[in-house]
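The values are calculated or read from the model by the stated rules, or taken from the named source; none is laboratory data. Remember, predicted model here, so these are calculated numbers, not experimental data. We place every Cβ from the backbone using ideal geometry, glycine too, and count neighbours over all the protein chains shown.
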Amino acid sequence: MKHLIKSFIPPVLIELGQKAGIFKDPNKVIIYKKNDTQDLDMYFDPEYAKILDSWGEKTTWIEIQMLLANCKGKVLDIACGSGVTMRILNKYKDLDVHGCDISDLLIKKAVSLGIAENNLKVTDATKMDYADLAFDYSYSIGSLEHFTEKGISEFIAEAARVTKYTSMHMMPTSKSGTNEGWMSTSTTIQTFHNNSDEWWMNKYKQSFREVIMLNSRWDDGISYGRWFICKK
């Protein structure tokens, strides 16, 4: 079975999965007691950068276009990676889209793919190098769950600090409805939090006046995709 599953997985994913130690057993779910260390090495791996160019094209990248369709002003893509969604949103002439990421490799790739360097910044999402209320809107897609619990709170607080109106974040929540915690599985590259809707709502409500949860079309065996629309 292990070899059968691998036959359907691109070699780059297998290689990265082996680096992360998650392909030894394809059905394995590893739950860690501590979550005080975030996996960052992948963000500086050129092979990992290739995965970021396609994973959300049929789900979340369509959804962010809908969420921002009637918005105007300055927008921040937090943990923008190689800037895929920034390029998609370029068609909205009423939006001035900026992006930031902790990985200089991914930011350089974004520049090489045509995004204006002045609209990009290498900075940590938990302590962003932007002024208060610098953006009208902000968003993140598939990033926040990979932070430590302390980092999640800092990320959300920073999103609130730099955003005037609404900050939108997409991540997985557990299908079991319980807080399954900090884990990795046979189909993930990084460790992540797979916790309940309520757990995430409580995190966002610490920094935002109103939080609305929407369903995403993204889905996997243990998690639902959710958007949290956070209003100042």
- Note on the structure: Per the list (1) at pLDDT 95 or above; (2) within 17 Å of the chain's Cα centre (by Cα), residue check on D53 breaks on (1)
- Filter pass, K93 being farther than 23 Å from S216 by Cα, surrounded by 15 or more Cβ atoms within 10 Å (Cβ to Cβ) and without any contact (Cβ under 8 Å) to a residue 24 or more places away in the chain: no
- Positions within segment 183-206 being crowded, with 19+ Cβ neighbours inside 10 Å and of a type in the set (G, A, S), in sequence order: S184
- Message: Given the criterion surrounded by fewer than 23 Cβ atoms within 10 Å (Cβ to Cβ) and at positive phi, identify the matching residue among G142, G81.
- Response: G142
- Query: When you look at E158, is it among the acidic types (D, E), at pLDDT 95 or above, in a helix (DSSP H, G or I) and buried (at least 21 other Cβ atoms within 10 Å of the Cβ), yes or no?
  - Reply: yes
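Take D136 and decide whether it is surrounded by fewer than 22 Cβ atoms within 10 Å (Cβ to Cβ), charged (D, E, K, R) and touching a strand residue (DSSP E or B) at 6+ places or on another chain (Cβ under 7 Å).
Criteria met by D136.
Any residue in segment 134-143 that is more than 21 Å from K72 (Cα to Cα), in a loop (DSSP other than H, G, I, E, B) and without any contact (Cβ under 8 Å) to a residue 60 or more places away in the chain?
Taking segment 134-143 first, the residues more than 21 Å from K72 (Cα to Cα) are 142-143.
Then drop every residue that is not in a loop (DSSP other than H, G, I, E, B), which leaves 142-143.
Of the ones still in play, those that are also without any contact (Cβ under 8 Å) to a residue 60 or more places away in the chain are none.
Checked against the condition, which is being more than 21 Å from K72 (Cα to Cα), in a loop (DSSP other than H, G, I, E, B) and without any contact (Cβ under 8 Å) to a residue 60 or more places away in the chain, segment 134-143 yields no hits at all.
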- Counting only residues that are closer than 19 Å to M168 by Cβ, give me the strands (runs of 3 or more DSSP E) lying completely in segment 55-122 with at least 2 of them. 73-78, 95-101
- Message: I need the full set of residues from segment 166-199 which are closer than 23 Å to V75 by Cβ and touching a Phe, Trp or Tyr at 6+ places or on another chain (Cβ under 6 Å), in order please.
- Response: T166, M168, H169, M170
- Query: Do we have any residue at all in segment 123-133 that's touching a residue at least 40 places away in the same chain (Cβ under 8 Å) and either farther than 23 Å from I64 by Cα or not in a loop (DSSP other than H, G, I, E, B) (or both)?
  - Reply: no
- Query: Within the set of pairs 6+ apart or on separate chains, which have a first residue in segment 213-225 that is surrounded by 20 or more Cβ atoms within 10 Å (Cβ to Cβ), a second that is in a strand (DSSP E or B) and among the polar types (S, T, N, Q), and C-beta atoms under 9 Å apart?
  - Reply: S223/T173; S223/S174; G225/T173; G225/N215; G225/S216
- Item | Every residue from segment 140-168 that is touching a helix residue (DSSP H, G or I) at 6+ places or on another chain (Cβ under 6 Å) and farther than 15 Å from Q206 by Cβ | I141, M168
- Within segment 105-122, residues touching a residue at least 40 places away in the same chain (Cβ under 8 Å), surrounded by fewer than 20 Cβ atoms within 10 Å (Cβ to Cβ) and either under 27 Å from K232 (Cβ atoms) or among the charged types (D, E, K, R) (or both) come out as none
